[in-house]
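Data block below; observations after.
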Amino acid sequence: MDNASKISANILMFISGKDKVVKTKPQIRLSKALPKCKLIIVPGAKHSLYTHRKEYLIEYYKEIFDFLK
């Protein structure tokens with residue numbers, strides 16, 4: 001975490017609310033340590049967010065494409 005504040009790139013981070021692979025609290029701490037991080041929490045999603053149903057994917061891809069503009 002010590003070097004996270006030195007990263008100057010824009011970062012888009014997704015957290016799946018029902019993730020059982022990666023713990024949420026460390027991800028949130030990392031996102032706060034990154035100066036240009038946009039954090040999006042998807043409450044009902046599991047770890048592999050990109051494999052979810054259409055209602056998750058529409059918003060997921062919209063956020064990605066908006067971020068890349």
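The values are calculated or read from the model by the stated rules, or taken from the named source; none is laboratory data. Since the model is a prediction, treat every value here as computed from it, not as a measurement. In this analysis, Cβ positions are derived from the backbone assuming ideal geometry, glycine residues included, and neighbour counts consider all displayed protein chains. With ligands, DNA and RNA removed, areas are computed over all heavy atoms of the protein, side chains included. Shrake-Rupley method; radii C 1.70, N 1.55, O 1.52, S 1.80 Å.
Of the cross-linked pairs K6/K38; K6/K36; K25/K54, which ones have a Cα-Cα span greater than 19 Å in the structure shown?
K25/K54
When all protein chains stay in place, what accessible area (Å², nearest 10, 1.4 Å probe) is found for K25?
Number for this one is 150 Å².
Can you list the equivalent-ellipsoid semi-axes of the chain, largest first and in whole Å, using the square root of 5 times each Cα gyration tensor eigenvalue?
Semi-axes (√(5λ), whole Å): 22, 16, 7.
Could you calculate the contour length gain from F65 to K36, that is, 0.36 nm times the residue separation minus the distance between their Cα atoms, to one decimal place in nm?
Separation in residues times 0.36 nm, less the Cα-Cα distance, equals 8.7 nm.
Could you give the accessible area per residue of the chain, probe 1.4 Å, as a whole number in Å²?
76
Helix 54-68 sits at what angle to the longest principal axis of the chain, using alpha carbons and giving 0 to 90 degrees rounded to 10?
Between helix and principal axis, roughly 30 degrees.
Using a Förster distance of 22 angstrom, determine the FRET efficiency expected from the C-beta separation of S48 and N3, and round it to 0.05.
0.20
To test your reading of the geometry: what angle, between 0 and 90 degrees and rounded to tens, separates the Cα axis of helix 24-33 from the longest principal axis of the chain?
Tilt of helix 24-33: around 40 degrees.
Mind giving me the FRET efficiency for E55 and K20? R0 is 22 Å, r the Cβ-Cβ distance, nearest 0.05 is fine.
After rounding to 0.05, the efficiency reads 0.60.
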